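Sending over a structure as structure tokens; questions will come in a sec.
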Amino acid sequence: MAAPVACLAQHAAPPAAAEAEAPPVVVVDPIVVATYPHDSEAFTQGLLWHDGALYESTGREGQSQVRRVTLDTGAVEASSALPAEQFGEGMTLWGDTLVSLTWLDKVVHRWDLATLAPLGTQDFPFEGWGLTGDGTHLIASDGSSTLRFLDPETLEVARELEVTLNGRAVDQLNELEYVDGLIVANVWHTGFLLFIDPASGAVRQLADLRPLVEANLGDDPDAVLNGVAWDAEGGRLFVTGKLWPRLYEIQLEEREGAEVVAR
């Protein structure tokens, strides 16, 4: 039997009955389909694919931007900077507007998709980490085990969802994407992607991307997995990380006999 896969979790409560009866978490491994160059100075916080281009948000004070990037070359086609004192975080697309978070500044930015020109800001009462959308709501993470579903215009909280793995809450949820009806979240400072049921919060699939992290980490502990983009039309999944020199297109293959252990 394959070795268990451990994933960080907290709140060691016993699994609820519904969780106990849920199908086991499927463990999958990445198969690299293609490798592309990525700006190794980009502190990647959000990543998305739209109409043939990548859009990326980057962090750190004085370096935070939203960008449109050419996939094949990694070249930045266009960019706009956040105020120097702000630390950029996750980003998603809503209509023809990019919506991006800030970490501790409690400000949400909106940007014109075509020009990346700023369209305005809104107050936001939470830490900003990751952001995606399901077609009805924006979905935001704040580094805890809770995801918030937000009105896309007012940012009011419609509902909250606790993410659980084998009945235990999983915190440090960071970058988000929405893939085929599941919320995808990376767990900060791990090589794991979680595929989450948006109704129950239960993790249905765990992708073990630690080999990709090890290939890009180098000597910088901040060079963690933190960029997930989904090309729905082409069925392509892209991943990268903070300060990584590479961006990958991957497919996911089930690992036979693997068991997920939450701890």
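The values are calculated or read from the model by the stated rules, or taken from the named source; none is laboratory data. This one's a predicted model, so the numbers in the text were calculated from it and none came from an experiment. Counting neighbours? That spans all protein chains shown, and the Cβs are built from the backbone with ideal geometry, glycine included.
Any chance the stretch 89-99 includes a residue that's more than 21 Å from Ala53 (Cα to Cα) and either more than 18 Å from the chain's Cα centre (by Cα) or basic (Lys, Arg) (or both)?
No, the stretch 89-99 contains no residue that is more than 21 Å from Ala53 (Cα to Cα) and either more than 18 Å from the chain's Cα centre (by Cα) or basic (Lys, Arg) (or both).
Which of (1) buried (at least 21 other Cβ atoms within 10 Å of the Cβ); (2) under 17 Å from the mean Cα position of the chain (by Cα); (3) farther than 24 Å from Gly218 by Cα is the odd one out, the single condition His50 does not satisfy?
Failed condition: (1).
Being under 21 Å from Lys242 (Cβ atoms) and surrounded by fewer than 19 Cβ atoms within 10 Å (Cβ to Cβ) narrows it down to one residue among Glu127, Glu162, Glu156, Glu175; which is it?
On inspection, the qualifying residue turns out to be Glu127.
What pairs come out if I take residues in the stretch 247-263 that are farther than 25 Å from Gly235 by Cβ and in a loop (DSSP other than H, G, I, E, B) and pair them with residues that are modelled with pLDDT of 70 or more and not β-branched (Val, Ile, Thr) whose C-beta lies under 9 Å away, six or more apart or interchain?
Glu259/Pro24; Arg263/Arg168
Can you spot a residue in the stretch 175-195 that is outside any strand (DSSP E or B), charged (D, E, K, R) and at positive phi?
There is at least one residue in the stretch 175-195 that is outside any strand (DSSP E or B), charged (D, E, K, R) and at positive phi.
Can you pull out the residues in the stretch 9-37 that are at pLDDT 95 or above and polar (S, T, N, Q)?
Thr35 - this is the single residue of the stretch 9-37 that is at pLDDT 95 or above and polar (S, T, N, Q).
Follow-up. Out of all the residues in the stretch 200-214, is one or more of a type in the set (A, V, I, L, M, F, W, C), modelled with pLDDT under 95, closer than 22 Å to Tyr55 by Cα and out of contact with any Phe, Trp or Tyr (no Cβ under 8 Å at 6 or more places or on another chain)?
yes
Quick test of your reading of the structure: Arg60 fulfils all but one of (1) at pLDDT below 95; (2) within 18 Å of the chain's Cα centre (by Cα). Name the failing condition by number.
So the condition that Arg60 fails would be (1).
Thr102 - would you say it is within 19 Å of Glu160 (Cβ to Cβ) and either among the β-branched types (Val, Ile, Thr) or touching a Cys at 6+ places or on another chain (Cβ under 6 Å) (or both)?
It is false that Thr102 is within 19 Å of Glu160 (Cβ to Cβ) and either among the β-branched types (Val, Ile, Thr) or touching a Cys at 6+ places or on another chain (Cβ under 6 Å) (or both).
On to the next question. Filter the stretch 100-135 down to the residues that are of a type outside the set (Gly, Ala, Ser) and under 14 Å from the mean Cα position of the chain (by Cα) and list them by number.
Within the stretch 100-135, Leu101, Trp129, Leu131, Thr132, Asp134 qualify.
I'd like the full set of residues that are assigned to a strand (DSSP E or B), farther than 18 Å from Gly181 by Cβ and hydrophobic (A, V, I, L, M, F, W, C), limited to the stretch 132-157.
Correct list: Ala140, Leu150, Val157.
Right, next: I'd like the residue in the stretch 65-103 that is among the hydrophobic types (A, V, I, L, M, F, W, C), in contact (Cβ under 8 Å) with a residue 24 or more places away in the chain and in a loop (DSSP other than H, G, I, E, B) and, out of all such residues, is farthest from Phe43 (Cα to Cα).
Ranking the candidates gives Leu71 first.
Every residue in the stretch 99-117 that is surrounded by 14 or more Cβ atoms within 10 Å (Cβ to Cβ) and out of contact with any Gly (no Cβ under 9 Å at 6 or more places or on another chain), please.
Scanning the stretch 99-117 gives Trp111, Leu116.
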